[in-house]
Structure formats: structure tokens, C-alpha cells
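A.B. asks: Starting off with a structure, shown below.
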Amino acid sequence: MSSRRRFASNPRVVLPPTGRFIGLRHAMTFDPSLLAALADVALAAGRVVNEVRAGAFAVLRKADASPVTVADEWAERLILTELARLMPGVPVVAEEQVAAGSAPPRLGERFVLVDPLDGTREFVSRNGEFTVNIAVIEDGRPVAGVVHAPALGEIHVGAVGLGAKEGRIGEDGSVDWRDIAVRAVPGEGMTILSSRSHGDARTEALIARLAPARSLAAGSSLKFCRLASGAADLYPRLGRTMEWDTAAGDAVLRAAGGLVVDLDGRPLVYGRPAAEGAVVFANPPFLAAGSRAALDAAAAALG
């Protein structure tokens with residue numbers, strides 16, 4: 001059953017004067033008021049992104065040849081400003097800051113990962129499958145995440161002890177929330193998700209070996225959310241991703257009862273010290289699944 005405005009959402013973000021974070025070491029439940037405030041921040045950033053999308057904008061290239069627009073930059077600036085008020089003193093790792101050579105010198109046990117516009121290629125092509133991602137990390141684990149798809153009018157949230165929810169955003173800015181959870185693999189077979197813009201041969205070969213009932217391409221961190229809502233069963237990613245690409249969706253999926261593991265079966269860890277020569281904040285290949293059965297099938301196909 002849906003719950004209208006169960007998490008606060010307003011046309012203008014109103015944050016509480018202080019935010020309180022409850023970590024895994026102190027409790028098994030993330031502070032719901034903080035999760036609501038993070039959702040408000042993502043919604044505000046989404047409005048900035050939609051305003052840019054409605055007009056003409058230039059597409060620039062970063063050092064790694066990936067695209068960037070003013071939507072990425074303006075949304076990140078808003079998020080960083082609000083996080084500084086909401087979670088003072090907590091380090092924030094944000095994609096565009098890192099690209100500009102400005103990452104926090106130390107992360108500590110808790111920090112925030114931000115991708116202000118995940119799926120910039122989708123944004124540029126105007127297909128709507130791009131997201132605003134905010135995740136809170138505690139002791140290397142994503143304990144809370146918000147994934148907002150501004151063009152689709154969707155928002156997904158999830159946190160330790162609170163479960164996961166999907167929201168539909170009305171024209172007045174209100175949000176109609178419903179609880180979501182992963183599904184068991186249906187009798188007709190798995191639905192497997194792949195990246196719309198970042199396919200790689202290893203992942204495509206794995207999907208072919210699994211012979212799914214359906215194979216669907218999707219952009220950005222929405223793939224994690226489709227697993228979390230029970231619309232699909234498996235998302236294998238054997239190509240390169242960064243931590244800010246995955247952390248928020250990972251948190252939502254874990255809160256919905258799913259799993260995100262590396263190829264050795266270990267849950268993804270965030271903020272790992274980089275080995276010499278490794279790319280900082282790069283993820284290993286991983287499997288995201290809605291059930292243990294889907295994960296086991298993928299592991300068997302990998303050999």
C-alpha cells in the first residue's frame with residue numbers, strides 16, 4: 001500500500017537544522033529523518049538537472065573522455081552545500097570534485113558518495129534514464145542511499161533497518177511512496193539487466209550463457225532499483241564502474257533484500273585503500289541480484 005508523503009518532499013527543500021547519523025556500530029537502524037532530508041536534497045538537485053535539460057546546453061569532455069555538462073556541476077554544487085549543513089564534518093566524495101583533483105584527503109569510518117548526474121550519456125541523448133545518487137557509507141558499507149530519476153518522476157530510497165521505498169513524484173512536488181522488495185526468480189526464467197551505454201564483451205557473454213527469459217538494457221543506477229522493486233532478477237557488471245556510480249543503488253537494493261557482491265562472493269566494499277597503480281574509487285567486477293538463486297546461477301555461469 002502506498003503512503004503519500006511518508007518521507008518529506010516539498011517544491012522547495014527544507015532541511016532540519018541538524019542531522020543525526022546512526023551508524024552500524026551504534027544501532028541497526030538508520031535515522032529516518034536523515035534519510036528524508038537526503039531525499040529532499042536529491043529532489044532539489046533533480047529540479048536543477050531538469051531545468052538544464054529543458055534548454056540548450058554544451059557537452060564537454062573530462063580527462064577520461066567521459067561527458068560532463070553544467071547539469072552535473074550545478075547539481076553537485078547544490079548537493080555539497082546541503083550536505084555540509086546536514087552532515088557537518090562528514091567527508092563527501094563527489095564525482096566532479098574528484099575529476100577536478102579535489103578528493104577528501106581522509107575518509108574515516110563514515111563518508112558520503114555523490115554522483116550528481118549518473119548517466120550523463122542518457123541525459124545528453126534525452127532518454128530520461130539518468131539519476132541523482134547520494135549514499136552514506138559506514139565502515140565500508142552503504143547504509144543508506146537515494147536514487148532519483150528526475151525525468152521519470154521517480155525516487156528510490158533505502159537504508160539499514162528501514163527497508164526500501166519507491167516514490168512517484170506529482171506535479172505539485174508531493175511523493176506517493178510504496179514499499180518495495182526483491183522477488184524470487186519466476187518460473188519462466190530470469191530478467192537480466194545490462195548497461196545501455198557501457199556494454200562490454202564479458203558481460204554480454206555471461207548474459208548469453210544464462211539464456212534469460214528477457215534481457216533488458218537500462219541506464220544509470222536505475223538497474224539496481226529495478227532489482228529492488230522486483231522488476232528484474234540480475235545485473236552483472238564485469239566492466240569498469242566507480243563507487244559513486246553504484247553506492248546509492250547498492251544501498252537501496254540491499255535494503256530491499258538483494259545482494260551486491262564481487263566475483264568472489266563478497267559484498268562490495270566502499271572507500272577501499274587503492275593498491276599501487278589502481279584507480280581510486282574504482283569498483284571490482286560485481287553481480288547484483290534480487291535473490292540467492294539468481295546470484296548462484298550467475299556464479300555457475302562464470303565458472
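The values are calculated or read from the model by the stated rules, or taken from the named source; none is laboratory data. These figures come from a predicted structure and were not determined experimentally. Here Cβ is always computed from backbone atoms with ideal geometry, including for glycine, and neighbour counts include all displayed protein chains.
A.B. asks: Mind checking which residues of segment 122-142 are surrounded by fewer than 24 Cβ atoms within 10 Å (Cβ to Cβ) and part of a helix (DSSP H, G or I)?
C.D. replies: Selection gives E122, V124, S125.
A.B. asks: Filter segment 33-88 down to residues that are assigned to a loop (DSSP other than H, G, I, E, B) and at pLDDT 95 or above and give me whichever is surrounded by the fewest Cβ atoms within 10 Å (Cβ to Cβ).
C.D. replies: P88
A.B. asks: While we're here: Exactly one condition in (1) within 19 Å of D115 (Cα to Cα); (2) surrounded by fewer than 22 Cβ atoms within 10 Å (Cβ to Cβ); (3) of a type in the set (V, I, T) is false for V260; which is it?
C.D. replies: (2)
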